[in-house]
1. Could you sort the peptides B:89-102, A:134-147 by per-residue average Cβ neighbour count (10 Å cutoff), highest mean leading?
2. Taking the square root of 5 times each eigenvalue of the Cα gyration tensor, what semi-axes in Å does the equivalent ellipsoid of region A:28-108 have, largest first?
3. Per DSSP H run of at least 4 residues, take -39500 (n - 2.57); add these up for the protein assembly as shown, divide by its residues and hand me the 222 nm value, nearest 500 deg cm²/dmol.
4. Counting only other chains, what is the mean number of Cβ atoms within 10 angstrom of the Cβ of each residue in peptide B:159-165?
5. Please list the three semi-axes, largest first and in whole Å, of the ellipsoid equivalent to region C:201-240, using sqrt of 5 times the eigenvalues of its alpha carbon gyration tensor.
6. Considering the Cα trace of region C:137-240, what is its radius of gyration and what is Dmax, both in angstroms?
7. Kindly identify region C:2-218 as rounded, prolate or oblate by the Cα gyration tensor criterion: order the square roots of the eigenvalues as a ≥ b ≥ c, call it rounded if a/c is under 1.5, otherwise compare a/b with b/c, prolate if a/b is larger, else oblate.
8. Grab the Cα-Cα distance for residue C:49 and residue C:20, subtract it from 0.36 nm times how many residues apart they are, and report the gain in nm with one decimal.
């Protein structure tokens, strides 16, 4: 069983009627229900909980953390960001969704500005697989549509992904690298673009398939932690 | 169950007493025994069998093909090479071992010369993990030694690997990118360096762990095959 | 001065009135005129010349080879393909344009099928820069349009590029990785998508800027050729 | 002329007799003298200067910044780190040397811990080129030795480099990815391993060649800055 924690800032869903209509229990509950329990043991955590629900104990018991945030990035405590970062370095997988591109943890892991173009215009997004050998593309059609989404456009200010899995086409004329993977420390990071709070994206079966594939891909590999610091020679060194 | 076929040219083990002493039943049987049956269903195939043991039916029933060859690369029929190549494009994983770097199938998949430095000198090889997040490094110590191996040295004439997992240190002063992955078509390719025919490398538990990890990594992901060729528009195109 | 050879199969421009109207002297002459002489010394070569114009002497005096082909890929002699391949291994840059994706030399260098989706529909292509630090993007706007082009769509069956510079948006709903780089041996390879024979793409200033940038990027770096084969130890090896 | 600023914390060279004997005017002056003036316009900056010598004006007039630090990483003001980071995002090249792996700016750009194994043992380092097509390898032999250096060993906790140019062999039995490149924003970053303060590494002609090659590679490409933020559609969006 992969232990998954779905983190959501859970703010829009308390205050914005349009969002409440789509996600009455919050985006985190929709994702939790959507990914199901086949191989996954899922809990949720949100901003307003003590320590944002991300205690040392919760993180130690999380294989893969899913992150959705938007309007409250600045309210995430730096100490918790450091804690999540350290846990990724130690092997926890991290899946960052949509507006999470501007979260503190994603920017810290990327080392860049993580900015992009955007537009709210109810337009069509078509997500193309450009890496059909990748496990995150398993079981998906070669493209799928989201009839109404927010646009994100290039240039997306991220490091070149280790692997580029999806590229989005937008009706208004833009493209976006919408499925990207990186290794950081012993951890794996997957960014997936869709999921504006006013659209029912996290009920879409293809989107849920991508997230489930992402969880499996990001699960810790059982690697032995490297030792660093002062190191004795393994071979004889000759005096010079 | 992952269906694995271990292919070996099986020539040295019929003619060279030193090799026979190490691998009396052939390198393929040593690898088959070494990777075991936990999750794997393993068969073998060798050069001297009809169609080198790689019939359409065998390949269609192979998830991951392991390849060891050395002195008889030229005797592998081009038609079989094309068949294996096509199967990799369709999703079969391929693990190329040691002197397989000069096999027709590896050179075809790489597009480069695949040459390297080499030396037979019974020297120590130390294999370091440089990508501890990678599933092929699962369960391994941060380095392990092979007390006597053939040296392979840089520059290894391959495309930059998509992922570099291991780098070897050699007693005589060289380094080598000894664990490399690439995607080709829908298939995954893993090259792993060790395994000279006169040394008991394929009985080493760490080497077998790498091969088992490689099989799991290279297993087809269940991706839907892309459609190519003439394609009707998905959106209206305006006359100009 | 960078020595550039523009190779074109030069077939459509002899037989098809629509193409002749656009490129009366052939695509190669349009490219030659377009890239100019500022830092470049440019010659052309075509399929119907002896040895396709790619003699040992010509290749030895070529820093960067540009390749356009389409209907006559099969008429390129294997011996010449081997010669070009060998020269790339030795450091010559290669820029493959548009339908050159199916040329023998590109397929050999890639190791994959190199197939894609396509459609001739006079539709708009918008080329986005996704790697603004890359020298091939120098001086370009963040996107530029080609009002009428042939569509190429994903999945483009290539190895993941070492660097992805451009992604195309098409009016009909597709995306395409349209500017890709790879290292092969000591040589550099750049694939650039646009350039259907019935459209005036090679007169477009942005397209010409990309090609000029590509030439500069692909110019041999002055690297010392690696030595391969049997290699004496650089350090003492202890008897075991 | 490429405008280069060589930054050095310049601490060891004021207090440690062993270091003063090797670099009486500081590592920065040795590097400045070593890279010369052929195509470069070089200035220096050090920690104890106001704003560490890295004023807005200096950075605005710097194409490539070279960074050496070790014992005083913590004394570099966060504000200056932010300033350098912003300038890299806007296109400035950054070359980080040796113990600069633990500098604030490098860790911020990488997003990882950047730790490694190390040992001071006067041992031999042999630096191998693993990417002979790369311009940073121009003019170098396929390997070169530094007879006495500090050891750095894997696992080096960095993101997988976009391009791996050099791998080091150490006498005591370790390997290290010692020449690595990344793009960050519009800027280029190159990490180069050698250069312990007690050894005359920065007088070595091959080391200086690498640094000069690195400067040329990291020079801004003249890219047009991407626009980000709210973006109007380029194509008509149909009401749904």
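The numbers here are math on the coordinates, done by the rules we state, and not lab data. Quick caveat, the model's predicted, so the values are computed rather than measured. Virtual Cβ from ideal backbone geometry, glycine too; neighbours counted across all protein chains shown.
1. On the way: B:89-102: 23.1, A:134-147: 19.9.
Top to bottom by mean Cβ count within 10 Å: B:89-102, A:134-147.
2. Numbers: eigenvalues 71, 46, 31 Å².
Its equivalent ellipsoid spans semi-axes of 19, 15, 12 Å.
3. Numbers: 28 runs with 228 residues, N = 960.
Value at 222 nm, helices only: -6500 deg cm²/dmol.
4. Working: counts 11, 13, 2, 8, 4, 6, 0.
The per-residue average across the peptide is 6.
5. Details: eigenvalues 471, 15, 13 Å².
With the √(5λ) rule applied to region C:201-240, the semi-axes are 49, 9, 8 Å.
6. Expressed in Å, the Cα Rg and Dmax of region C:137-240 come to 20.1, 71.
7. On the way: a/c = 1.35, a/b = 1.19, b/c = 1.14.
Note, shape of region C:2-218 comes out rounded.
8. Details: separation 29, 0.36 × 29 = 10.44 nm, distance 1.95 nm.
Here the segment from residue C:49 to residue C:20 would lengthen by 8.5 nm.
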